[in-house]
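Engineer: Pasting a structure here, questions to come.
Every number here is computed from the coordinates shown, using simple stated rules; none is lab data. This one's a predicted model, so the numbers in the text were calculated from it and none came from an experiment. When we count neighbours, we look across all protein chains shown, and the Cβ atoms used for this are built from the backbone with ideal geometry, even at glycine.
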Amino acid sequence: MIDDLNKIAAKMRVDMLNMAYSAGKSGAHIGPALSLTEIMTALYFSVMNFNPQNPGDDCRDRLILSKGHGVMAQYAAMKQLGMISDDELLSFKHNNTKLYAHPSMNSEMGIEFSSGSLGQGLSLGVGCALALKLKKNNSRVYVILGDGECNEGSVWEAAMLASFQKLNNLTVIIDKNNIQYDDFTENVLSMNPLDKKWESFGFDTEIVNGHNIEQLLQVLNKKSEKPTAIVAETVKGKGVSFMENNPQWHNGILSKELFDTAINEIGGVL
Amino acid sequence: MTTLEAYTKAFTDTFGITDEEAKNLKFQDIKAWDSVGHMGLIAAIEEAFDIMMETDDIVDLSSFDKGKEILKKYDVEID
Amino acid sequence: MIQITPQNIRMWSLLGSCGAFGAAAESVVQENSNIVMLTADLCSFAGLSRFSKMYPDNFFNVGIAEQNMVGVAGGMAKEGLIPFVTTYATFASMRALDQIKVNMGYMKLPVKLVGMTAGLSVGILGATHISIEDIAAIRSIPNICILSPADSLETVKCVEAAVQIAGPVYLRLSGSMNNPPVYKADYDFVAGKAITLKDGEDITIIATGTMVHNSLRAAKLLEEKGISAKVVNMHTLKPLDVDAVKSACSSKMIITVEEHSVIGGLGGAVAEVLAGIEKKPEHLIIGVSDSYKPAGEYKYLLEQYGLLPEQIAEKIEQNYKK
């Protein structure tokens, strides 16, 4: 099963590279999407109750991508689920596309909310989690944040409320790739120790290797009385050597040459 | 209806209490006489005697007895 | 159903717009259990003490965190609840402005944002607490309906309307306790449709919020000076009743009066309509001048900004050319 999931992850990386290449000179947030690959794989293909034929089902688990710039990883998962066609995939960042550079709320695609302005997804997730409890709906809410995004004060406003309201139906996943827009987080505004911060805000906190699907499944399936925070240690640009851990690939332009090199490394075609 | 009956009725109608309970009532003695209930009571008293009370008097009306005293200002004798 | 009786109208007016809001909240939730009230540590101020005790499951005090409150309400709205979000107008509108843009404007989530003590009523607390910029800020964001009731009864009606409106709403509550009533009996309220309260031949005064009452009194004073003024209650600032503005163009002068900055509020909205009309009269914008004045009590500040009825009448008389 883990092998199958890893294969899906590899296909998703190819999808992402194709999207980034198709975006052309406007560039794409390829680094912060690639770091999300295994997290998205684990959620969409194992953990979440999500029916691609009925993405608006009230029983679905809710996924909120607060770090909206990583959305290519979500589109890639939808492509692998058969929700997005090849043509649609390549329309990414083109005029009149459904596939915005930051996700736009779309119930037919199962995109819960629009994002792009950082620090807002957890508040939405807390609102959903409170509403689900009021409606006696047992669905779970998953919110994905970036580590740079955790600079935003509103993240911590929401974190306070989540634990105070004992939202055990809420899981926060922090994609800790250690790089933000300008530079390494260490050189901009380090949040370390990030796990201790979440723990002190009342979350059941776990640290995992964010590229190890087995580890991810283990913590994502754990039950708790408190809201859960998973600090997923990841590598920005994971899977493509020249992008890995390189701040320049937060948002980058793929030339034909670089695209071919990257595809070769991953060993796939669309 | 005497003025006392009308005055008492403002209390009993607003707070859902008996005449006897109304007699010695003070602000916040019962759950119903909170700040919102207070404005309901004032509106009921004003309606009963066709008067408009001043803000200071509205604030000062803190008990059944105090209300009688304040109403004298508006030429309403409760007896 | 909310009982609209003379006694209730008087009670709501005594309670002021916040208290009237609280009373209306208790009533609407009885008919729709999806209605929830959120506050950022201002439960009693928002008139919600009773509501919080009667409907604890429908009440959420999120602490002093306005940005989060608007986001949480967005999540709840998406899940089918009807969240009312309450705090001081200045914090409701501007502390959380990006959340308002993204959740209410961009995603059109049906959050009902309630700004208490809009205008100058808490001016004794200083410029941090007054709210003279909120209409301008929110009006510039697409898709948000803005309601600005003239008195406490209209506040109750606006709460009912906000529940019915499918999209996001900003409910701007101005005035203080013992709000003077404009309406003494029940009437028809339709969001987006201005109400003519007084007819007049010479000029048209378009007012909103507390300034409706002051404009009616100003119109009476002008009457004594031989100027016949029509008074229109523009209780919905967005979408603006464009027809009401167009029909005002047959007067010799249009005056807008608001307890908000002269920049970007009702005056701005009306001027934007007038800009596209070829034959139009002079438009006088009366409101809070573009300044923060020293702290002071409500009436004192209204006087400082020239918003008392006598001052409004005088300003109109000075500018009116027969």
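Engineer: For region C:178-200, how many residues are more than 15 Å from the chain's Cα centre (by Cα) and under 23 Å from C:Gln311 (Cβ atoms)?
Structural biologist: Within region C:178-200, residues that are more than 15 Å from the chain's Cα centre (by Cα) and under 23 Å from C:Gln311 (Cβ atoms) number 4.
Engineer: For region A:124-161, give me the residue count where each residue is surrounded by 24 or more Cβ atoms within 10 Å (Cβ to Cβ), within 20 Å of the chain's Cα centre (by Cα) and over 30 Å from A:Gln248 (Cα atoms).
Structural biologist: Of the residues in that region, 9 qualify.
Engineer: Next up: So, of the residues in region A:162-171 that are touching a Gly at 6+ places or on another chain (Cβ under 8 Å) and surrounded by 24 or more Cβ atoms within 10 Å (Cβ to Cβ), which turns out to be farthest from C:Phe59 (Cα to Cα)?
Structural biologist: Among those residues, the one meeting the criterion is A:Leu170.
Engineer: Quick one: would you say A:Ser26 is within 24 Å of A:Ile179 (Cα to Cα) and polar (S, T, N, Q)?
Structural biologist: Criteria met by A:Ser26.
Engineer: Can A:Phe92 be described as part of a loop (DSSP other than H, G, I, E, B), facing chain C (nearest Cβ under 9 Å) and crowded, with 24+ Cβ neighbours inside 10 Å?
Structural biologist: It is false that A:Phe92 is part of a loop (DSSP other than H, G, I, E, B), facing chain C (nearest Cβ under 9 Å) and crowded, with 24+ Cβ neighbours inside 10 Å.
Engineer: Considering each residue of region C:44-64, count those that are under 17 Å from B:Asp34 (Cα atoms), touching a strand residue (DSSP E or B) at 6+ places or on another chain (Cβ under 7 Å) and not aromatic (Phe, Trp, Tyr), and give that number.
Structural biologist: Within region C:44-64, residues that are under 17 Å from B:Asp34 (Cα atoms), touching a strand residue (DSSP E or B) at 6+ places or on another chain (Cβ under 7 Å) and not aromatic (Phe, Trp, Tyr) number 3.
Engineer: So, one more: Considering only residues that are part of a loop (DSSP other than H, G, I, E, B), within 19 Å of C:Ser121 (Cα to Cα) and not hydroxyl-bearing (Ser, Thr, Tyr), which ones fall in region C:146-203?
Structural biologist: The answer is C:Pro149, C:Ala150, C:Asp151, C:Gly175, C:Met177, C:Asn178, C:Asn179, C:Pro180, C:Pro181, C:Val182.
Engineer: So, one more: Which one of A:Gly116, A:Gly121, A:Gly110 is closer than 30 Å to C:Asn32 by Cβ, at the interface with chain C (Cβ under 9 Å from one of its Cβ atoms) and either within 20 Å of the chain's Cα centre (by Cα) or in contact (Cβ under 8 Å) with a residue 40 or more places away in the chain (or both)?
Structural biologist: So the residue among A:Gly116, A:Gly121, A:Gly110 that is closer than 30 Å to C:Asn32 by Cβ, at the interface with chain C (Cβ under 9 Å from one of its Cβ atoms) and either within 20 Å of the chain's Cα centre (by Cα) or in contact (Cβ under 8 Å) with a residue 40 or more places away in the chain (or both) is A:Gly121.
Engineer: So how many residues does region C:117-166 have that are among the aliphatic types (A, V, I, L, M) and within 13 Å of the chain's Cα centre (by Cα)?
Structural biologist: Total meeting the criteria: 13.
Engineer: Does C:Ser13 qualify as being among the hydroxyl-bearing types (Ser, Thr, Tyr) and in contact with a Pro (Cβ under 6 Å, 6 or more places away or on another chain)?
Structural biologist: Yes.
Engineer: Which fully enclosed helices (runs of 4 or more DSSP H) of region A:1-42 have 2 or more residues being small (Gly, Ala, Ser)?
Structural biologist: A:2-22, A:30-34
Engineer: Could I ask something else about it? Kindly indicate the residue of region B:22-40 that is at the interface with chain C (Cβ under 9 Å from one of its Cβ atoms) and of a type in the set (A, V, I, L, M) and also farthest from the chain's Cα centre (by Cα) among those meeting that condition.
Structural biologist: B:Val36
Engineer: Now for a different question. Does at least one position in region C:230-244 carry a residue that is free of Cβ contacts under 8 Å to residues at least 60 places away in the same chain and among the polar types (S, T, N, Q)?
Structural biologist: no
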